[in-house]
Structures are given as C-alpha cells and as structure tokens.
Amino acid sequence: MRRLAILAVLMAHLTAAQASRSPGYAAYERANRLFVAGKYQESFNAVDEALKLDSKLVPALTLKAKLSMAANRYDVAKASLEQAIAADPSSWFAQFLYGFQFYQQNELPAAKQALEKAYRLNPRDARTSLYLGLTRESLGQTQEALKSYREAIHLGEISGQLDTDMLLSGSRLLLRLGEFDECRQWIDRAIKLAPNSRDPHFESARLSMKTADAARAAKQGEIALGLRGDVTDRQVHFLLVQAYRSMGREQDAERHAAAIRALDEREGK
Amino acid sequence: MPSSVLGQIRFEEIAKKAGLDFRLKNAASGQFHQVELMPGGVAAFDFDNDGCMDLFFTNGATIPELRKSGPEFWNRLYRNNCDGTFTDVTAKAGVGGEGYSMAVATADFDNDGLCDIFVAGVNRNILYRNLGGGRFADLTAKAGLSGIDPKRGKMWSVSAGWFDYDNDGWLDLFVSNYVAWDAAGEPACGAPRSRFYCHPKEYAGLPNQLFHNNHDGTFTDVSERSGIARSIGKGMGVAFADFDGDGFTDVFVANDSVRHFLFRNQGDGTFREIGLEAGVALRDDGSAIAGMGVDFRDFDNDGLPDLVVSGMINDGFRLFRNLGKRGLFEDLAQRTGLEMGTRPFTGWSLGMYDFDNDGWRDLFVALSHFPALERYLGRAAPLANRVFRNIGGRRFEDVSAGAGADFQTPALHHGTAFADFDNDGRVDAVVTTLEGPVKLFRNVTAGAGHWLAVRLKGTTSNRQGLGAVVRVTLPDGRTLYGEATTSVGYASSSEPLVRFGLGLNAHVKQVEVRWPGGGVQKLSDVKGDRTLEIEEARR
C-alpha cells in the first residue's frame, strides 16, 4: 500500500519535468512513457541510457529517483536527486522529491528543510504544501502544519489537484485538536471527491464516534469496510467494535472483534 | 473539586543531597542491542517497617554475557534513614543480584509483615524473601519463580506485579514478557554508518506469565491454565484494578506496537482477554501505540478505575475512561488535552498521583526519546520530565514549566517510583536515567491541600491489602476513590499506601475500605494530614 501511495505522488508530477533538448532526451522520453505504462525495469534501463548520454539531464535524474523510490532504493533516489539539484538548483520538483524521499525515510528535519526550499521555488504546488504539513505535524509544529494543510487544499482547488490526502491529512489533525465542525466539512468534501474510497468513510466514522453518534459511525464504518484504501481492515473492525458496543449491539461488536483476532492469528501477531 | 487549592506543583531534585548515588548502567557499546533500551525499574517500599519508604534499583549487566561482572552492575537497595538521607545497604542485604535486570515488584508475598522483592530480567528472575534485620534470601528456585517456560525457556521479562487474583489472601505474581531476543541474533537496522535500535516488529512476541501463590513459599505456573498465555504480545508495563467491580482484580498489559491486553478476571481462576471489546486495545484510529508505562486508577473521581498509558513520539499518550457500563472505556486523550500535550514526547514510566493534594490525581511522566534517532526526530534523545495537573477530572494541563528549575533538565528518564519519602504528605518521585544518576524529585508544592494516607493491614486478605478499594467521603458528601496497588508505571513498583488529597478539608466524614474478599469496613470522622492504619476486621 505504501508503494502505491508513493507512485500516486510521483505520477502526479510526471508532467512537471522540464523539457530539455539534450543528447539523452529521446531516451528519457522513452523511459517516461515506460514508467507511465508501469514497465519499471524497462523504464530504469532507458533512464540509465539517457543519463549515459547526458549525466546532468534533470528530468532523467528525477525519473531515476522516482523509480528508485518505487523500488525502495532510497539511497539511489537520494543520490540522483542530489545530482539533479546540483545540475539545476532552481528545479522545485527535484527539491520536492528530495524532501519527499526524506519524509518517506522519516528523516524529518532534512525533509522539512528540502520541502521548504521546494516551496520557496514554487509556492503554488499543492503537494509540496501537503508534505510540508505532514512533516511539520510529525515534528510537533501543529499550527504550522495546519496552515500548510489549509494551503494545500486551497492550492489543490485552484489547480484542480485537490485530493483526499490533502483533505484527510488536515481533518485528522483537526480531529485531534477538537475542531469538529471544520473537520466534518473536510471529510464530507473528501467523501464527495472519492465516494468509493475507504479512507474518507473511515474518518467520517471516527468523527461520529467523537461526537457520540455511534449509529452514524457504524454506518460509515460498514461502508468503509466494503471499500479499499490505505486504512487497514483491522482499523475499521476496531472502530466498528466500539460503535456497536456503544449501541448495545454486542453480537455485531463480537463479530468484528473476532475478525481482528483472526487477522492477528493469520499475521502471527 | 474539593477545594480551591491552586498551588503550583513544584519539585526539587535532591538525590545527591540525599545520598542516592545509584547510576543505571545498560552496557551499551554501539551494537544497538534491544535490551539496552529497556532497563530502569525502581521500587519504593518499606523493607524495615520504620515508616519511611526505602528504594530498590534494578541494573543492567555485560552484553552478550548478561552477567553482573562487578559492583557497577549490581541492583541496589537504599535504606531511608528517615532524615532526608539514604544509605546503600545492598551488600548487607545480599540483593546485588545476577543477570540483566529490568524490573522490580515489591510486596509481602508470604504475609509475614515484611515486604519482599521480585526482580524480573532478560535472562534471570529473582525472588528475595525479606528475612528481617535488613537481610534477604534468594528463594527463586525453591519458589519456582525462575520464569523458565517449558517450551520457550527464560523469556525476557520487562515488568512484574503482585496481586491476589483468586482472593485467597495470598499475593500471586504476574510477569510481563517482551520479545524473543538473543544477543547473537540481534538484527541490524539502519544504514551501516547510522545504525539505530530496531523496531519491535523485528522480534517475535511472547506470552505473559501468571504464578499462583501456594501459601507455602512456592508458586505454580498457571499461565496456560488461566488463559493468560493464550495472548501473545510485546509486554511492557502492567497494572491491576477491579475495573468492572465484580470483586476480582483484572490485569492490563501495555504492549509495544501491538494491541494492549485487558485480562478480565472471570472469578474462577481464568481470564478472558477483552481489550478490543473494552476499547483499550488500540488508539481511537485503530492503530497500536508503543505502549510503555501504565497506571490503572480513577482520574475523575467517579469510583471507576481509568487507564493512562504512555507511548512514543507522535503516538499521543492514551487516557481510557472507564464508563462503568458493560465493561466499556472511551479514549479521552483528545478531549482531556493529553493527546496533543504528549505527542511530541516518548514516555516511559508514569504515575497518577495528587501532587498538590487538591483532590484530583495529576500525572507525572518520565520522558526520553530513543537514542540514535536524532536525525529522524530532529531532537536529542534526552528530555525533561513533565507533570500534568488534573483540572477537575476533565482535562490535563501541562504545568511543567513552573515545576521548578530541577524539573527542566533533560536526561534519558526511564523508571519511576512514587512515595512520600519525607512523610510530609506530598508525593515525591524517584526517576532512573539510562547511563546516568538517579533523580529524587522532592515535592515542594507550596499551598498543597490537606491529605490522608491509608496503610492497609489485611488479616484474611493479603497482608498489605493490595486490591482493596478505599472510598473517602468528604464533609460535603463528595467522594474520592483509591485502589491499593504497588504496580504503577513501567517496570517499577510504588508505595502500597492509598493516598488522597483533601483540598481544604482537614478531616473526612468517612473512610470505607472494601477488602479483596468483599468485606467492608467503615471509619467515621477521620482527621486528615496523617497516615491512617486500618486493620482488616476478622471475619
């Protein structure tokens, strides 16, 4: 699931690479097409070919970084991005990816520094603001994080990039802060945006539990359970145990508790 | 509630002045062995019955041998001289120990009026019987408490606690086990030049253990028979309370990165693990936290024991409020401010005590991040401890900034023991620090309220009355509740007295004790600002 999330981020920026006529450009374009088609090994071979022809071709270096992250080779990604930044210090996308790979590796201070630089280079990219928000939140900078989430949502609206990650990252923080009204607004927008995604329904159910509406929580939880998303089955089952127990529906609660125990058993926990 | 007492909670660190020169050694040598992260249990108990709480510290050992190669690795016993100082009496008492020790649990297991010591560790557990006269005897083998499981051998024990699960008047022993580990098979985590301690997911979990007291100095391993061993976790702190009021003491185990366990005592010698059903197994988003310290006592004075559990940075410590209906708890961390107030911290041991005696139990947490994670967290591992004031049972307010200069010093804080070491009615705290000196935080809160400490003496119940519930009724009819337990925090043990802050009330209308066997005793018009001894009426 984590790999898919990374690819989703990377795909969103496929067109962000700057066109550059260089000896390696044709090979890079082929690599990019293969990447989009999901042919990662072939793409990797083509991008290496491009870099042999032009070792400073920034789009090829960022593509190599993206491929490396998808293959969980963050060391290679980091080296490629450092080369890209050295070749073109004004490339916000290289900076963004540089920060993103630090974030993925939980190296939060370095992620923050790189993402702030990417933001200075291009303050209009919603994803940069989102990851800046996530990083700041992990570093305990709550108000700054919330500001970044709001900005990500705003920029997402303007650019047409708005997605559930932006809305739900913000809503989760609002839930922790007890700002339930705004939290509900963001969750409802996420449901509207992606009605067939598990995560918005799960967050809706969580908020309903916090506002003592167990019936609504159970309803949203059951919807979430039938959908796919980053939230795990275990998380949804646990929420449903609480919702049904609050409603006095012990058998339903027991069914979901048993499902968690079965998952634990299967995973050897 | 009972008062308008508003004294700022303050502490003064006096370990050196008090003669406490203990240093906790974990034997870390850059190999990132998981055991190095975990030590530091400490106990506050009165081994010589002089009315002043003494201290026992657990200590590490060499790695990979897991031997106490010299006195620097000894566990240590310090006698409280009742004059603000302590004396190291380890050698005379014969309790220096062996093996890599983690935790200590103190209680009078044989009902002889002398408090005994159980030490839990990586490769060795030890039961010391208090012989009187400042001497102890190692009874581990005879008692059957070496902790060696027939199938798994000696498991790495991190915490332990005494409670009477079958109400037979004799204390039984619960041992919380962490993960399967051996030095030779230590996994390597992080890049070769920037190694760090591995996540618990790299190690297999273990079952916990329950030992029944046979009343003759021996114990029977009932882990399987009781159902305790059925649940495999990564056990850290353990705490006891009769959360459902059925007269039988239940067990909570905080687990590291897997769901917590709440073992409901079914009253027939068996337990059912109901953490999921009760709502205490996971955070409210269904995620497991890196649970460490736990306290199982009433935070909102409704007569129902609640749970507070510490976790790692960005977990947010949890507060599970006991709803008193159908065994349900609600996660109140967000609403009480504890979630946001603790997200930046990694908490080890903790304790809910009324530090300003205003009638509400506050929260003291020993903090430190894991070493070698600076590049990930953006901050150094040593942290200053925190104290949160309980505001009317509705929220916790971080009052650490005003808690005194000594309270602002960062260190790798781990274990805690709580007791009133100077008998001034204000609860003090002892905190161990990894590879550092112990700290004794003397409570110097000015304007603290009146208080009452209850020392229980069981006759048909266990001698210390552990598991008894004390209810205090104030002159205006309001009530405060406390359970007798020594199992508080992480790997540690605190004084067995049941303490109450009375606010502006210098006396209480009634003190009611419900003993573990169900007997109830009441005392009327009790004067405060003293330790009240209550002996169980013989039935």
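All of the numbers you see were taken from the coordinates with simple rules; none came from a lab. Treat the numbers as computed from the prediction; the structure is a model and nothing was measured. As a convention, Cβ positions derive from the backbone with ideal geometry for all residues, glycine included, and neighbour counts pool all protein chains shown.
So the values come out like this:
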| item | result |
| --- | --- |
| Lysines with Cα under 26 Å of B:K509, excluding same-chain neighbours fewer than 8 positions away | B:K457, B:K522, B:K527 |
| Sequence ranges B:266-272, B:190-196, ranked by mean other-Cβ count within 10 angstrom, highest first | B:266-272, B:190-196 |
| Cβ neighbours within 10 Å from other chains - mean over A:139-148 | 2 |
| Relative contact order for segment B:201-320, counting Cα pairs under 8 Å that sit 6 or more residues apart, in percent | 18 |
| Chain A: calculated mean residue ellipticity at 222 nm from DSSP helix runs of at least 4, using -39500 (n - 2.57) | -24500 deg cm²/dmol |
| Part-to-part distance (alpha-carbon centres) for segment B:79-106 and segment B:1-63, which is given in Å | 11 |
| Most fluctuating residue given options A:L134, A:L53, A:L146, as computed from a GNM of chain A linking Cα atoms under 10 Å | A:L53 |
| Ranked by how many other beta carbons lie within 10 Å on average, peptides A:178-186, B:158-166 from highest | B:158-166, A:178-186 |
| Residue order, fewest to most beta carbons within 10 Å, for A:D188, B:D256 | A:D188, B:D256 |
| Relative contact order (percent, whole number), segment B:376-445, Cα cutoff 8 Å, 6+ residue spacing | 23 |
| Sorted by Cβ density within 10 Å, fewest first, the residues B:L497, A:L193 | A:L193, B:L497 |
| Relative contact order [Cα under 8 Å, 6+ residues apart], chain B, whole percent | 17 |
| Candidate aspartates and glutamates - alpha carbon under 19 Å from A:K56, same-chain residues fewer than 8 apart omitted | A:E29, A:D48, A:D75, A:E82, A:D88 |
| Percent breakdown of C-alpha pair distances by 10 Å bin, ordered from the shortest bin, for chain B | 4, 21, 33, 29, 11, 2, 0 |
| Degrees, to the nearest 10: A:164-177 long Cα axis against longest axis of chain A | 50 |
| Using alpha-carbon coordinates, inclination of helix A:2-11 to the longest axis of chain A, degrees | 50 |
| Angle in degrees between helix A:40-53 and the longest Cα principal axis of chain A, rounded to the nearest 10 | 30 |
| Shielding score for B:372-378, defined as the mean number of other chain Cβ atoms within 10 Å | 5 |
| Shielding by other protein chains, B:275-281, mean Cβ within 10 Å | 6 |
| Above-threshold pairs, the threshold being 22 Å between Cα atoms, out of A:K117/A:K147; B:K154/B:K201; A:K39/A:K64; B:K16/B:K68; B:K154/B:K234; B:K25/B:K439 | B:K16/B:K68 |
| Separation of alpha-carbon centers, segment B:448-516 and segment B:314-342, rounded to whole Å | 24 |
| Over segment B:214-259 - Rg/Rh using Cα atoms and the Kirkwood inverse-distance radius | 1.03 |
| Equivalent ellipsoid, segment A:171-237 (semi-axes from 5 times Cα gyration tensor eigenvalues, Å) | 17, 13, 10 |
| Computed P(r) (all Cα pairs; the protein assembly as shown; 10 Å bins; percent) | 3, 13, 22, 24, 18, 11, 6, 2, 1, 0 |
